[in-house]
Amino acid sequence: MAATATPTSLFQQLGGTPAVEAAVDIFYRKVLSDDRISRFFDDVDMDRQAAKQKAFLTMVFGGPASYTGRDMRQGHAEMVKRGLNDGHVDAVIELLGQTLAELGVPAEKIGQVAAIAESVRDDVLNRPTGSPRGTPSKLAGGSCGSSCGCGN
Ligand code: HEM
């Protein structure tokens with residue numbers, strides 16, 4: 001398709017836009033049926049959600065998304081106030097891995113995708129880059145600070 005695309009791009013290796021579209025449906029169903037994280041998606045409308053999933057997957061595939069750390073911080077700030085923590089990020093990465101495995105993506109590439117998702121963990125959780133697991137965000141307001149999922 002795009003003759004100018006970098007041949008080694010992970011996004012291209014995984015199958016480009018058609019692969020993203022195939023993954024969106026599977027990933028979205030997994031997210032919405034997972035009790036650990038589904039509540040964060042309750043108030044997100046369907047049209048915006050589809051766009052969000054495509055943006056998410058294109059980004060973790062290393063594709064032509066141009067989100068900066070600041071965008072990830074802003075995009076998830078409200079969720080951090082509602083208790084988003086390391087356990088939720090783990091769940092998303094786990095469901096992403098399951099989705100790709102179901103689509104026949106080799107384990108090595110799933111590892112590369114997970115590493116990209118990992119690289120934005122601190123931005124998503126609105127805390128300083130390099131924070132240890134379980135570090136609460138200053139936005140969170142609560143006092144628990146663990147990744148137990150209690151949201152406090
Ligand atoms: C693991 C790394 C993650 C990446 C790369 C990522 C990526 C993204 C992107 C690209 C957007 C769209 C931002 C925008 O359009 O403004 C977004 C929004 C969103 N993300 Fe994430 N995300 C991650 C983790 C999570 C987690 C752990 C949750 C919740 C369990 C989550 C829930 C959401 C929701 C609900 C939105 C939509 C917000 C809205 O429309 O108001 N994300 N994410």
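The values are calculated or read from the model by the stated rules, or taken from the named source; none is laboratory data. This structure is a prediction, so every number in the text was calculated from the model and none was measured. Quick reminder, even Gly has a Cβ in these numbers, built from the backbone with ideal geometry, and neighbours come from all protein chains shown.
Numerical summary
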quantity: Tally of residues being in contact (Cβ under 8 Å) with a residue 24 or more places away in the chain and not charged (D, E, K, R) across region 102-113; calculated: 4
quantity: Cβ-Cβ under 6 Å pairs, at least 6 apart or on other chains, region 19-45 side touching a residue at least 40 places away in the same chain (Cβ under 8 Å), far side among the polar types (S, T, N, Q); calculated: VAL20/THR58; ALA23/THR99; ILE26/THR99; PHE27/THR99
quantity: Only listed residue being surrounded by fewer than 18 Cβ atoms within 10 Å (Cβ to Cβ), more than 16 Å from the chain's Cα centre (by Cα), more than 8 Å from the ligand (Cβ to nearest atom) and aliphatic (A, V, I, L, M), chosen from ALA114, ALA107; calculated: ALA107
quantity: Elements of type helices (runs of 4 or more DSSP H) contained in region 35-152, each with 1 or more residues being modelled with pLDDT of 90 or more and not hydroxyl-bearing (Ser, Thr, Tyr); calculated: 69-81, 86-102, 107-119, 121-124
